Amino acid sequence: MKLILNSALLLLIFNVQLSAQSLRGRVIEANTQNGIPYVNVQLGNRYGVISNEEGYFVLQRKSVDDNTAILFSSMGFETLEIPLSDFENDQVIPLKPATYVLDEVFLSDKQLTAEEILEKFKVGIKENHVLNAAQVQVFTRLNDDYKAETFGIDVKKASFMSKAERREMNENMKNLGNKITENSSIFYQERLSDVFIFEDTLMTKHQKALKLINRDKTFDTDDIQEQVFFELLKTLKSPHSFKVRTGIIPIDKDVSLNEMIEDLEKSQEKVPDTLYNKSNWQGKSYKKFATKFTNDFFTSPKYYTYELKGVTTVYGEPCYHIQFTPDRRKGKYVGDLYIHTRDFGMVSYKYDLEEGRKAMNVNLKFVLGIKVNTYIDSGFYVFSKTNEDSYYPKYIKQVDGNYAYINRSLAFKENNPKRSERKKLNIEFELEYNTIETIEYVGVQYQSISPELASTLKFEDYILIDEIDQYDLNYWKDYNIIEATEAIKTYD
């Protein structure tokens with residue numbers, strides 16, 4: 001009981017958002033004066049943020065002594081410490097480029113190869129990259145950029161519509177298509193959450209969440225599909241089922257559309273978006289990134305060539321730098337691994353598709369009218385050490401870019417015993433679009449907690465997501481986040 005009470009007290013302290021001053025600044029490269037992205041800005045033990053892609057950061061000051069140092073560490077730059085007493089708000093912090101160094105590991109009798117280092121990392125994953133009995137405060141930002149090149153829906157036949165009604169329907173679809181293809185559709189989502197991770201249980205408690213979206217300009221794929229199919233399918237309400245086919249291919253002989261139509265009707269209602277607590281995708285994804293290394297450059301080394309470039313300092317830690325490139329047809333990625341020289345934990349890694357490669361590519365354009373591919377698949381990961389010398393994700397950035405082309409027909413025929421009253425609907429649609437999704441996670445603060453705490457945690461079922469169409473600089477006041485970029489601040 002004492003252990004649980006102590007943990008509860010720690011949680012209370014952990015969750016308090018201090019209204020003290022914010023530490024703001026920008027980290028730049030000393031030689032070029034350019035902003036340095038993804039710098040770890042740390043205050044005290046296991047507490048801090050990451051600078052945004054322009055080098056800017058904001059960190060809420062904790063109740064620490066003025067002699068406590070703010071630590072600035074990055075990849076490819078020397079680590080810098082500035083005492084709190086010497087830090088000025090909106091200060092510019094220059095970092096000097098780091099150099100590769102001869103570490104004592106290179107002076108041993110046997111120098112390890114890149115393949116041997118990678119194998120030692122994999123052997124040590126269960127010990128180094130474990131996340132259990134821990135609470136991590138995680139800030140998440142998602143950006144969705146959707147651009148439709150073609151959007152066409154044509155009602156070819158509708159037995160229950162007059163010619164005038166069908167022309168009006170097609171005109172409405174044409175106007176919707178023009179609106180969708182005029183501009184890119186961009187929106188952002190941000191949320192701050194506490195993720196409680198136990199051996200067999202994971203729970204997420206969201207603190208705040210917003211969606212930055214201009215509804216007059218923005219259409220995501222789900223919205224488009226719902227809006228279009230609602231307009232079309234609501235005309236097919238019937239006590240009877242339907243035969244459905246696409247092109248010449250039968251899909252089903254007995255489909256009831258009423259339930260689907262009712263779900264679409266509900267989704268059209270303007271109700272606040274909600275974010276559910278307890279076990280949700282964000283917490284599960286964060287834990288997976290912490291403990292699982294499933295990319296093929298980890299699991300299938302036969303597809304890659306690995307080259308040991310040397311030893312350097314990465315986020316304040318001495319690391320082997322290994323570059324990898326595809327060796328066979330199945331390898332698709334190029335990238336860098338930074339593995340600790342002493343315990344072989346992963347300090348950082350990054351990867352991109354090799355030029356000209358696709359992560360997924362299906363081209364049935366001339367057979368089934370479908371072509372889809374993933375042309376962007378990149379990731380950047382930074383890990384920090386806990387007090388128990390295991391690693392947790394400090395920063396994650398993933399970017400996925402997808403292309404899709406669909407040119408199909410869809411036919412519905414009602415199973416009405418009265419042939420003369422059967423509803424028939426034939427439509428043709430052509431869609432072509434690109435979508436790029438970027439998601440970032442920052443592990444703002446890590447804390448060990450008691451395993452017994454799992455049975456005592458109680459949350460509200462959900463929180464409401466605040467929707468805004470212009471970024472509010474005060475929305476995250478007194479909270480730790482990735483500082484908003486200029487694109488977010490000027491969003492309209």
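The values are calculated or read from the model by the stated rules, or taken from the named source; none is laboratory data. This one's a predicted model, so the numbers in the text were calculated from it and none came from an experiment. When we count neighbours, we look across all protein chains shown, and the Cβ atoms used for this are built from the backbone with ideal geometry, even at glycine. These accessible areas exclude ligands, DNA and RNA; they are computed on the full protein's heavy atoms, side chains included. Shrake-Rupley method; radii C 1.70, N 1.55, O 1.52, S 1.80 Å.
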Return an integer: the convex hull volume of the alpha-carbon atoms of segment 247-372, in Å³ per residue. 240
Computed, not fitted: 222 nm per-residue ellipticity of the chain from DSSP H runs ≥ 4 (each -39500 (n - 2.57)), nearest 500, equal to -5500 deg cm²/dmol
Taking the Cα atoms only, what angle lies between the long axis of helix 114-123 and the longest principal axis of the chain, rounded to 10 degrees? 80
Highest to lowest packing among 313-325, 232-244, scored as the average C-beta count within 10 Å: 313-325, 232-244
Express in Å², to the nearest 10, the accessible area of K330 obtained by rolling a 1.4 Å probe over the protein heavy atoms while all chains stay in place. 130
Can you grab the distance from the C-alpha centre of segment 145-206 to the C-alpha centre of segment 355-378, Å, no decimals? 21
Antiparallel bridge percentage (DSSP; both residues within the chain; nearest 5): 95
The Rg/Rh figure for segment 399-492, Cα atoms and Kirkwood Rh, to two decimals is 1.22
Net charge near D90, counting Lys/Arg +1 and Asp/Glu -1 over other residues with Cβ under 9 Å of its Cβ? +1
By how many degrees, 0 to 90 and rounded to 10, does the Cα axis of helix 258-268 deviate from the longest principal axis of the chain? 50
Ignoring ligands, DNA and RNA, what percent of the accessible area of the chain is carbon or sulfur (1.4 Å)? 48
C-alpha long axis of helix 281-291 to longest principal axis of the chain, angle in °: 40
How high is the relative contact order of the chain, in percent, counting Cα pairs under 8 Å that sit 6 or more residues apart? 21
In whole Å, what are the Cα extents of the chain along the three principal axes, biggest one first? 86, 53, 49
Given all pairs of different Cα atoms, what value in angstroms does the Kirkwood hydrodynamic radius of segment 27-172 take? 21.3
Order these peptides, 135-142, 88-95, by their mean beta-carbon neighbour count within 10 angstrom, highest first. 135-142, 88-95
Which whole-percent values make up P(r) of segment 145-188 when all C-alpha to C-alpha distances are grouped in 5 Å steps starting at zero? 5, 23, 22, 16, 13, 9, 8, 3, 1
